[in-house]
Amino acid sequence: MKATQDTAPKAAQPVAPKAAQPLLLAPSKWRPWEFALWLTIAVTPFVFPQHGALINEIAILALFALSLDMILGYAGIVSLGHAAFFGLGAYGAALFAKHVMPDPLVGLVVGIVLGALLGALTSPMIVRGTDLTRLMVTMGVALVLYELANQFGEFTGGADGLQGIVMGPLLGRFEFDLGGRVASIYSLVVLFIAFLLVRRVVHSPLGVSLEALRDNRLRVSALGMSVNGRLAAVYTLGAALAGAAGALLAQTTGFASLDVLDFHRSADVMTALIIGGAGWLWGGLVGAIAFKVLHDLISSVTTQYWTFWIGLFLVLLMLVGRERLFRPWTWFKRGGAK
Amino acid sequence: MLTLLFDGIAYGMLLFVLSLGLAVTMGLMNFINLAHGAFAMAGGYVLVVLMQRHGWPFLACLPAAFVVTALLGAAFERTLYRPMYKRPHLDQVLFSIGLTFMAVAAVDYVMGSQQVNVQTPEFLRGRIELGSGDWTLGMGRYRLFIVVVCVALALGLQAILAYTRFGSRLRAAVDDPRVAAGLGIPVDRVFLLTFAFGSGLAGLGGALGVDVLGLDPSFPFKFMVYFLIVCAVGGTSSITGPLVAALVLGLADVFGKYYLPKLGGFIVYVLMIAILLWRPQGLFSRGAHK
C-alpha cells in the first residue's frame, strides 16, 4: 500500500478529493422541481378527494414500479416474476389482518418482511445464468406461488379470493373510508418514505456499485467487490418494497385474490416502469401515472380490447426508442437520438 | 401406466414442435421472442377457420397452417423483428410482450373470446388398445397421429441440419454470425428463412394441438411459459436438447396431473427451477459462449 502511494504522482494527491467531492455529490442533491412535484403529489388527495381510489391505485403501482426499478433499472436484472413479492405481501397482510390483528401498520411490516424473506431466499437463483435463465427463474417463482395460492384454497380463498378482511383504523384514529381518502394518503406517505429510502440507497456507494455492475459485471468483480452479495442485497430490498406495495393493496381494498400473483401484474408493472423510464428514480412514479391514465382513457373507449393499444404502445416504444417517441421534433431527422 | 407414458410422450412431442422454432430463433439470433405463442395461435385459428368456414379437409389444413404462419413470420421478421436483434434483452422482451398483447386482443376481437373446437376426421378418433391388465397401452389415434407427425418432423429437421447446405450454413451462423457473414454466407437470408420456418412450425404445432391443448385467445400467454421452459431447460444450440426437454416436460406434466392433481402445474415449475439452478445454461448447452 505504502509503495504504491509513493510512486503515485504527488501533485494529484491533495487536489483530487476536494474537487471530486462536490462532483460526486451533485447527482444526489434535491432539485427544486423534485420539491415542487412532491408538493403537488401531496396536495392531490385533498384537492381531488373524489378520486381517492384512483390516487391510491396509482400510488401502489408507483411503489411497485419503484421496487422493480431498483432491480431492473439499477441492477439490470430482467425479472418477469416481480408479482411474486407483491402477491406474497398482499396475502401476508390480508391473512395477518384476518387472523392476528387488524392494525394496518403492523400488517404493512409483515408484508415487507415476507417480501424481503422471499427475496433473500430466491436471490441465489438470480445471480447465476443468462438473461433467459433469470427470466425463467423469476417467472417460475411467481408461478409456483400462484399455484400454491390456488391449491391451498381453504387458507387463501383460492380462485374466489380472500374476503372479509376488516382493517382497523390507521394509527388507531383514522378509519378507512369508502371514498379511499385515508387510503390514498396512507399509500402516498408509504410511497414517499420508500422513495426517500431508495433515493438514499441509489446515491450511496452501494447504489453506484450497482449501476457499475449493471454495465460491466466483470470489471466490478475485478475491482474486488462482491457482485453476488450486492445483487442479493438489492434484490431483497426490491422484494421488500414490492411486498409493501402488495400489503398496501390488500389493506386499502380489503381484498386479496389470485390476481395479485398473476403474470399480467408483472407485465403491467414492467410496462409502467418502461413508460416512465428505468434506471431513473422518478421512472416508477411517472410511469405509474401515465400507465393508469392511459388505462383509464383507453378502457373508457374500448373496455375489452385495451390491451391491444397498450401492446401497440409497447411495440412502438421499443421500435422507435423512448428518447425519440417523446420528442416528436426528432422524428424526421436522420440519425437523431437513438 | 403405459397409457400415461404414451400421453406424456404425445404431449411432449407436440410441445417440441411448438417450441422448436423458438429455440432456433433464440439460439440463432439471441432473441427472446415471447410472441412465439402468438404464431402458434395463428396456426390454430387458420385451421379452425379453414375447416369450419370453408370446409377444407383436416389433412389439407395442416400444411395450410404451416404456410400461412410461415409467411406471417417472414413478414414480421422483415418489418418488425430485424431492428430488434441488436437491442438489449429487456427491449426484446417488452417488444414481444407488446406484440402478444396485440395478437391476443386482435384475435379476441375477430374470433370471439370463447374456446373453439374442431372435429377431427373419422379415422383419427377412437383408441387402440394393446396388452392387458396393468400393462394396457391405450393410444388415442389422434395422439398417435401427433407422435408420428412429430417424429417425422424431428427426423427430417435433424437430417436438414446435418446433411444439407442450408443446415451447415445455419449451424455456422448460429455459432458465429460475423465469421459466417465473412465467409459469404447470406446471414440475413438464413435468419429470415429460419424465422419463417420456425413460425411455420409453431403454426403447425398450434394447428395439431387445437384438439389436445384447446384454443382460445389467451393461448399465447397460457403456453408461453411452457415454450420458454423447453428452450431454457433444453438449451438452444441443438435439436436434441429441446426434444429431451419437451419430452421430460410433457411426461412430468401428464404424470403430475394424474397422480398429484392437487399440485397441478406446481411440479413442472419446481422441476424447471431446480434444473436451471443446477445447469443455468440448460441441460445440453455447449458451454457459455454467449
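The values are calculated or read from the model by the stated rules, or taken from the named source; none is laboratory data. Computed from a prediction, not measured in an experiment: that's the story for all the values here. Positions of Cβ are generated from backbone atoms using ideal geometry, with glycine treated the same way; all protein chains shown enter the neighbour counts.
Observations, loosely collected:
- The residue pairs whose first member lies in segment A:133-151 and is closer than 21 Å to residue B:280 by Cα, whose second member is aromatic (Phe, Trp, Tyr), and whose beta carbons are closer than 8 Å, counting only pairs six or more residues apart or on different chains, are A:139/A:263; A:140/B:269; A:142/A:263; A:143/A:263; A:143/B:269; A:144/B:266; A:144/B:269.
- In segment B:254-272, of all residues being modelled with pLDDT of 80 or more and at the interface with another protein chain (Cβ under 9 Å from one of its Cβ atoms), the one that is surrounded by the most Cβ atoms within 10 Å (Cβ to Cβ) corresponds to B:272.
- Among the conditions (1) free of Cβ contacts under 8 Å to residues at least 40 places away in the same chain; (2) within 14 Å of another protein chain (Cβ to nearest Cβ), residue A:189 misses just one, which is (2).
- Residue within segment A:259-270 that is among the β-branched types (Val, Ile, Thr) and touching a Ser or Thr at 6+ places or on another chain (Cβ under 8 Å) present: no
- For segment A:198-219, the set of residues classified as free of Cβ contacts under 8 Å to residues at least 12 places away in the same chain and under 29 Å from residue A:103 (Cα atoms) consists of A:200 only.
- Residue B:209 fulfils the conditions (1) in contact with a Leu (Cβ under 6 Å, 6 or more places away or on another chain); (2) modelled with pLDDT under 80 except for a single criterion, (2).
- From the list B:58, B:123, the one residue that fits, being at pLDDT below 80, more than 8 Å from chain A (Cβ to nearest Cβ) and surrounded by 12 or more Cβ atoms within 10 Å (Cβ to Cβ), is B:58.
- Test result for residue A:246, closer than 22 Å to residue A:192 by Cα and at pLDDT 80 or above: yes
- Summed over segment B:212-233, the residues that are crowded, with 21+ Cβ neighbours inside 10 Å and over 15 Å from the mean Cα position of the chain (by Cα) give a count of 1.
Table: residues versus (1) of a type outside the set (Phe, Trp, Tyr); (2) in contact with a His (Cβ under 7 Å, 6 or more places away or on another chain); (3) closer than 30 Å to residue B:181 by Cβ; (4) within 14 Å of another protein chain (Cβ to nearest Cβ).
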{"position": "B:6", "(1), (2), (3), (4)": "no, no, no, no"}
{"position": "B:10", "(1), (2), (3), (4)": "yes, no, no, no"}
{"position": "B:19", "(1), (2), (3), (4)": "yes, no, yes, yes"}
{"position": "B:33", "(1), (2), (3), (4)": "yes, no, yes, yes"}
{"position": "B:38", "(1), (2), (3), (4)": "yes, no, yes, yes"}
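- The single residue among B:277, B:247, B:228, B:251 that is within 11 Å of chain A (Cβ to nearest Cβ) and touching a residue at least 12 places away in the same chain (Cβ under 8 Å) turns out to be B:228.
- Of the numbered criteria (1) away from chain A (no Cβ under 14 Å); (2) surrounded by fewer than 16 Cβ atoms within 10 Å (Cβ to Cβ); (3) modelled with pLDDT of 80 or more, the one residue B:146 fails is (2).
- Note on segment A:115-134: among residues that are facing chain B (nearest Cβ under 7 Å) and in a helix (DSSP H, G or I), the one that is surrounded by the fewest Cβ atoms within 10 Å (Cβ to Cβ) is A:131.
- Beta carbons closer than 7 Å, at least 6 apart along the sequence or on distinct chains, pair a first residue in segment B:72-94 that is at the interface with chain A (Cβ under 10 Å from one of its Cβ atoms) with a second that is not hydrophobic (A, V, I, L, M, F, W, C) for B:84/B:91; B:84/B:92; B:89/A:131.
- Residues that are under 23 Å from residue A:109 (Cβ atoms) and either within 11 Å of chain B (Cβ to nearest Cβ) or modelled with pLDDT under 85 (or both), drawn from segment A:266-296: A:284
- Filtered residue count, segment A:123-160, keeping only those that are of a type in the set (A, V, I, L, M, F, W, C) and more than 23 Å from the chain's Cα centre (by Cα): 4
- Of all the listed residues (B:34, B:20, B:4, B:15), the sole one being touching a residue at least 40 places away in the same chain (Cβ under 8 Å) and surrounded by fewer than 20 Cβ atoms within 10 Å (Cβ to Cβ) is B:4.
- A count restricted to segment A:196-221 and to residues that are in a helix (DSSP H, G or I) and more than 13 Å from residue A:28 (Cα to Cα) stands at 13.
- Of the residues B:62, B:90, B:94, the single one that is within 12 Å of residue B:204 (Cβ to Cβ), out of contact with any Cys (no Cβ under 9 Å at 6 or more places or on another chain) and of a type outside the set (S, T, N, Q) is B:62.
- Matching option when the condition is under 26 Å from residue B:157 (Cβ atoms) and in contact with a helix residue (DSSP H, G or I) (Cβ under 8 Å, 6 or more places away or on another chain), among B:229, B:273, B:267: B:229
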